[in-house]
Each structure stands twice: as structure tokens, then as C-alpha cells.
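The values are calculated or read from the model by the stated rules, or taken from the named source; none is laboratory data. Everything numeric in this text was worked out from a predicted model, so none of it was measured. Please note: Cβ atoms are built from the backbone with ideal geometry, for glycine as well, and neighbour counts cover all protein chains shown. Note: accessible area is taken over every heavy atom of the protein model, side chains too, but ligands, DNA and RNA are not part of it. Shrake-Rupley method; radii C 1.70, N 1.55, O 1.52, S 1.80 Å.
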Amino acid sequence: VAVLWEVRLPRLCCSALAGAALGLSGAIFQGLLLNPLADPYTLGVSSGAACGAAIVIVLNLFLPGLTFLAAPWSLTLGAFVMATLTLALVIALARDEQKYLSPTNLILAGVILSATLSAAISFLKFLAVDPFSSFIFWFLGRLQACPCTDPAFVGGFLHPALLAAPGSA
């Protein structure tokens with residue numbers, strides 16, 4: 001019974017909250033770009049987050065003395081920072097001469113940046129000593145490898161996003 005309450009239920013709650021966050025991000029991108037096919041993968045944000053997490057994990061492999069890289073929040077922070085930088089770069093690349101952002105330019109810039117970041121992720125996979133290293137499991141969404149199985153931790157990221165979402169007032 002303890003396994004159910006202390007391991008399974010928190011993972012179930014975290015996976016439900018993570019799914020809600022992915023659904024929210026997809027809905028926001030579709031609404032902003034006026035395109036029912038738009039999602040975080042289209043704009044390269046997901047590739048940026050994955051690249052940020054891969055950088056943290058590979059740095060942890062090569063620099064094991066840096067203890068903050070092994071902290072549970074370091075993967076989340078690395079993914080968030082790189083996703084934010086990716087979105088900023090997509091916006092900068094998509095602006096035209098009049099500083100106007102069109103949905104088409106955003107999608108094209110996102111696809112180009114996503115392909116570039118996918119190549120960087122492949123290079124980081126090559127650098128990893130163990131082909132079954134933890135970032136492959138992280139990419140696949142395995143919650144067992146995630147040290148942050150606290151639903152309050154995941155919900156702490158989802159709640160501000162819900163409040164900031166267009167039309168949530």
C-alpha cells in the first residue's frame with residue numbers, strides 16, 4: 001500500500017499535470033499562430049528544451065564535481081532556459097523589415113531552428129559515454145528517471161502558465 005501512495009500516485013499526478021501542461025502549450029501556440037497544426041515542436045521550443053536538458057546531463061557526465069548539475073531542479077532549469085532562448089531566437093529570426101511577426105515566418109524560423117537543435121542533440125548523444133544514458137529516458141518521458149516526482153513541483157510551473165494564458169481572466 002505504501003508503494004501505491006508514495007510512488008505510484010505521485011507519478012500518476014505528475015504525468016497528468018505534465019500532460020495538462022503540454023495540452024495548454026499546444027492550445028496557446030495554436031491560438032497565437034492561428035494554425036491548428038502549430039505546437040511547441042513546430043516553433044522549436046520542444047527541441048530547445050530537450051537540448052537544454054541534454055546539455056545539463058552531458059555536462060554532469062563530464063564535470064561530476066559540479067554538484068548543482070546533479071540537483072533535481074537543474075534539468076528543469078536547463079530545459080526552461082534553453083526553451084526560452086529558443087523562442088526568443090525564433091521571434092528574432094521571424095521579424096521582417098517593419099518588425100512585423102507573421103505566423104508563417106514564425107513557423108518557418110521555428111522549423112529551421114528545430115532542425116538545427118535536433119542536430120545538436122544528436123551530437124550530444126554521440127558525446128554521451130553510455131548509449132542508454134539518462135537523457136534518452138528523459139526524452140522518452142520516463143517519470144521514474146525524473147527526480148522531481150512531487151506534483152506540487154510540476155503544478156508550480158503549470159499554475160502561472162494557466163494564469164498567463166490568453167483568455168484565462
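Got at least one residue in segment 85-100 being of a type in the set (D, E, K, R) and touching a Gly at 6+ places or on another chain (Cβ under 6 Å)? No - not one qualifying residue is present in segment 85-100. Which one is modelled with the lowest pLDDT among residues in segment 151-169 that are surrounded by 14 or more Cβ atoms within 10 Å (Cβ to Cβ) and over 16 Å from the mean Cα position of the chain (by Cα)? Across segment 151-169, the extreme among qualifying residues is P151. F29 falls short on exactly one of the conditions (1) touching a residue at least 12 places away in the same chain (Cβ under 8 Å); (2) of a type in the set (F, W, Y); (3) surrounded by fewer than 20 Cβ atoms within 10 Å (Cβ to Cβ), and that condition is (3). Within segment 73-111, can you find the residues that are open to solvent by 30 Å² or more (accessible area, probe 1.4 Å), hydroxyl-bearing (S, T, Y) and farther than 15 Å from A38 by Cα? Result: T76, T84, Y100.
When only residues in segment 50-63 that are open to solvent by 40 Å² or more (accessible area, probe 1.4 Å) and within 18 Å of F137 (Cα to Cα) count, which is farthest from the chain's Cα centre (by Cα)?
Step by step, filter segment 50-63, then rank; the result is L61.
Restricting G48, G23, G52 to residues that are touching a residue at least 60 places away in the same chain (Cβ under 8 Å) and assigned to a helix (DSSP H, G or I) narrows the list to G48. Please pick out the residue among L75, L66, L17, L43 that is free of Cβ contacts under 8 Å to residues at least 60 places away in the same chain and of a type in the set (A, V, I, L, M). Residue meeting the stated conditions: L66.
Of A115, A79, all but one fail to be closer than 25 Å to H159 by Cβ, among the small types (G, A, S) and at pLDDT 85 or above; the exception is A79.
Residues in segment 32-49 that are at pLDDT 85 or above and open to solvent by 50 Å² or more (accessible area, probe 1.4 Å): P36, Y41.
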